[in-house]
Structures are given as C-alpha cells and as structure tokens.
Amino acid sequence: MLIPFNKVYHSKNEEKYVLESLRSGKHCGNHQFCSKVVQLMKEKHDFNEVFLVPSGTAALEMGAVLAGIEPGDEVIIPSYTFSSTVNAVILFGAIPVFCEIQKETMNIDVTKIEALITQKTKMILPIDYAGVSCEIDKIMTIAKKHNLIVMQDCAQSYGSYYKGKACGTQAHLATFSFHETKNFNAGEGGALVVNKEEWYERAHFIQEKGTDRRLVLKGVKSKYSWVDKGSSYLLSDILAAMLLSQLEEEDKMKNLRSNITEAYTSLFSGYEENDKLSTFKISKNHELNHHAFWVIFDTKENAEVFMAGLREKTIYAYIGYIPLHSAPKGLEYGYSKNDLPLTEDLGNRIVRLPFYTELGENGLDYCTEEMRKQLEKIYN
C-alpha cells in the first residue's frame, strides 16, 4: 500500500462550484465565490478584514508592503520556517534576524525575542509550526512595548485556536496558505487578514495593483487612479470556488484529521516516556486544526533509519527543511550553524509523518503498524 506524505482531499461541492464559476464568465478576483469565502471566514472564525490572494507567499509579501517594510529594516523571524516567510521581507531590502525556537512546539522562543530588538527592528514575524499557535499574546505584549508590527505566518494553522481565539485574529497582520499541502486547499491560494482598521482601505489599493479601482466598482468614482504601490494580489474566483467547498467541510475534515493525531500519539507515547524521542507538546490553551504530526528522534541517524525503513514499505515521511540561518542564503547574511544550536539540532532530528484528511479511513492502520515495526528495530 502506498502512503504518500500528503494527498489532496476532494470536497463534496468542488466540481459543482468550479463549473458554476466557469460558466459565470467572471473568473478574476473579487467575484461571487471570493465574496462567499471571505464571508464564511469572518463568520466562522471572527476575522476582521480578509483579502484572498494567489498564495500564502503573496499574502506575506502584501503584508510586508502594507507594514511599510523598507531597506535596512530588521525583522525578527524563527529560523525554522519555510523560505517564503523570510523572502517576503528580504524582497523589500529588510534584514532577517533569526531567533531560536522552543523544543515543545518548534515555534519561536518568546523569551529570546527582546534581546534581538534594536533601533532598526520593524517587525516580529512568528509562525505557527505544524498548525500549533505561537504564543501570540506574549509576542503582542513585546511588540506594544517596543512599538513594533507583528505579522503572524499562519500558513499551517487555519482553524487552530489559542486561548479561545482563532489563529490570525490577534496580530496586526496574519497570513494563510491554501496550497494543496494544507488542510484546506485551492491548489494555490492564500489570505491576508488585516486587524488594524486604519489599514483596511490601503490594503484594498495594494491588492489592486496600487489603484483605487475598488471605488469605481462601488460607484464612488467614474475613473480609477494609481494611488499607491501594489501588485496583483487577487485570487481567481475559480480557485475560490474550490476553496469554498473545502471550507464548508471544515468541521468534518478536522474531526477526520483528529483521529490521525490520536493514533500517532498513542503509537509514540511509550517511546516518549522512555526518552527515546519526543513529539509536540501543547498546553490547554491550544486547540489544534490537526495539520501535521512530527517526531524528534534521539539521533539524526535513528531519524534517517526510521524514514528509510518506511520508504521500503512505500510510506513516505519527511524530514523538513534546513533551518534558514544555516541554509546557503542564510550564510550570506553572516550566520553560521553554531548561531542557533537548538534550532540546528532539532532540525537534524525531526521527522514529519504522513498526514492527510482521508488517511484515517484508508491506510492509517497499515501506516502505524509499519511504524511500530521500525521503532522496535531501532530501540528494542
């Protein structure tokens, strides 16, 4: 049986909605299905202003423009994240300042942030690794103290909650990804959530290539003008149709994915108690969207043996990515592997397990049984 690392979920109304969008003759952004998605997101999770964009990467870039990121600004970022997080700020000439992470969640270590703040610091850009929220309340407290902007990269955490609030509702800006590797997918897609009311209008201008075209569509003006910097940050209504169908099944999908989390937790708990490995630790403040499950082995070698053994059984686990500070581009900024020893160590030993919505209904038992056999070979 083949168990891929990820597999897209086909929701009930996808084909119906996509066909309806195609036949409407209105395929670009901000038409009926975009409007329906935005309305659903606001009603379901209490988001403020929502902008659907072509990708999570585009959401980060649009957020950077809105935040006024300029050459020479410093942005504090965890090193253990995808390249899109850092690219969004270096594209505008900002300097990434990499921060250590916590072992329990792989998220930014809040206790290390203030020591990195200088007169050039403009923004803190935390992520919610594997769908587990960062300590956003503490980060916002630090930001308020030092008059900084916070843009929360929620690419993996749509539908997760922290202290009773949806991820993306507390930072000044928050970004989401609806890539096919995420819980809810439009193939490619994303969203920028803006939580500062005074930024709403400008965000619309930036999304529309720096024009006030929106005012023409609303009947306020007869001609639109170039009023700001911007780009084409609009999601096609065809992709929004696909996304709407996915988001309508959020509760069902979350329930299916929770079964996978429970199965993996049960499998690895015995080895965790014997200090052979560790998995993520969440507090009572966290409510998961069940995006992913990761394991940190005691050695890099054991992690590699585990993955190799699974590959022989056509089960594909994933080691993640090289931390940004020690990646080739990070080295260009003067960093070395020794600068963030915990991030470097955990990044060498982490394994992400196969995780997709329908795994629990087809293949999970096979998957966990083969994983059990590999663990026994390694540790018994």
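Answer yes if at least one residue in the stretch 231-249 is touching a helix residue (DSSP H, G or I) at 6+ places or on another chain (Cβ under 6 Å), surrounded by fewer than 18 Cβ atoms within 10 Å (Cβ to Cβ) and modelled with pLDDT under 95, and no otherwise.
no
I'm told E135 meets every condition in (1) in contact with a helix residue (DSSP H, G or I) (Cβ under 6 Å, 6 or more places away or on another chain); (2) without any contact (Cβ under 8 Å) to a residue 12 or more places away in the chain except one. Can you identify the failing condition by its number?
(2)
Based on what the data block shows, is K138 under 22 Å from V86 (Cα atoms), outside any helix (DSSP H, G or I) and of a type outside the set (G, A, S)?
no
Select, from K163, K209, K145, the only residue that is surrounded by fewer than 21 Cβ atoms within 10 Å (Cβ to Cβ), outside the structural domain of A317 (by TED's automatic domain parsing) and in contact with an Asp or Glu (Cβ under 7 Å, 6 or more places away or on another chain).
Checking each option against the conditions leaves just K163.
What single numbered condition from (1) in contact (Cβ under 8 Å) with a residue 24 or more places away in the chain; (2) more than 21 Å from L217 (Cα to Cα) fails to hold for K26?
Unmet condition: (2).
Are any residues in the stretch 298-316 touching a residue at least 60 places away in the same chain (Cβ under 8 Å) and of a type in the set (A, V, I, L, M, F, W, C), and if so, which ones?
V305, F306, L310, I315
Name the single residue, out of those in the stretch 39-96 being over 20 Å from R202 (Cβ atoms) and of a type in the set (F, W, Y), that is farthest from the chain's Cα centre (by Cα).
Y80
Against the definition (within 20 Å of the chain's Cα centre (by Cα) and free of Cβ contacts under 8 Å to residues at least 60 places away in the same chain), how does I350 come out, yes or no?
So I350 fails the test.
Looking at the stretch 281-327 only, could you name the residues that are among the small types (G, A, S) and surrounded by 15 or more Cβ atoms within 10 Å (Cβ to Cβ)?
A292, A303, G309, A317, G320, S326, A327
Quick one: is L256 touching a residue at least 24 places away in the same chain (Cβ under 8 Å) and not assigned by TED's automatic domain parsing to the domain that holds K103?
Yes, satisfied.
With respect to G168, determine if the residue is within 18 Å of the chain's Cα centre (by Cα) and outside any strand (DSSP E or B).
Taking the combined requirement at face value, the residue satisfies it.
Here are some conditions: (1) loosely packed, with under 15 Cβ neighbours inside 10 Å; (2) farther than 16 Å from M62 by Cβ. N183 meets all but one. Which one does it not meet?
(1)
Please report, ordered by residue number, the helices (runs of 4 or more DSSP H) entirely within the stretch 1-91 with at least 2 residues that are surrounded by fewer than 21 Cβ atoms within 10 Å (Cβ to Cβ) and in the same structural domain as G230 (by TED's automatic domain parsing).
The helices (runs of 4 or more DSSP H) meeting that bar are 14-24, 32-45, 83-90.
Does T175 count as buried (at least 18 other Cβ atoms within 10 Å of the Cβ) and touching a residue at least 40 places away in the same chain (Cβ under 8 Å)?
yes
The values are calculated or read from the model by the stated rules, or taken from the named source; none is laboratory data. Predicted model, so just to flag it, every value in this text is computed and none were measured. All Cβ positions, glycine included, derive from the backbone under ideal geometry; neighbour counts span all protein chains shown.
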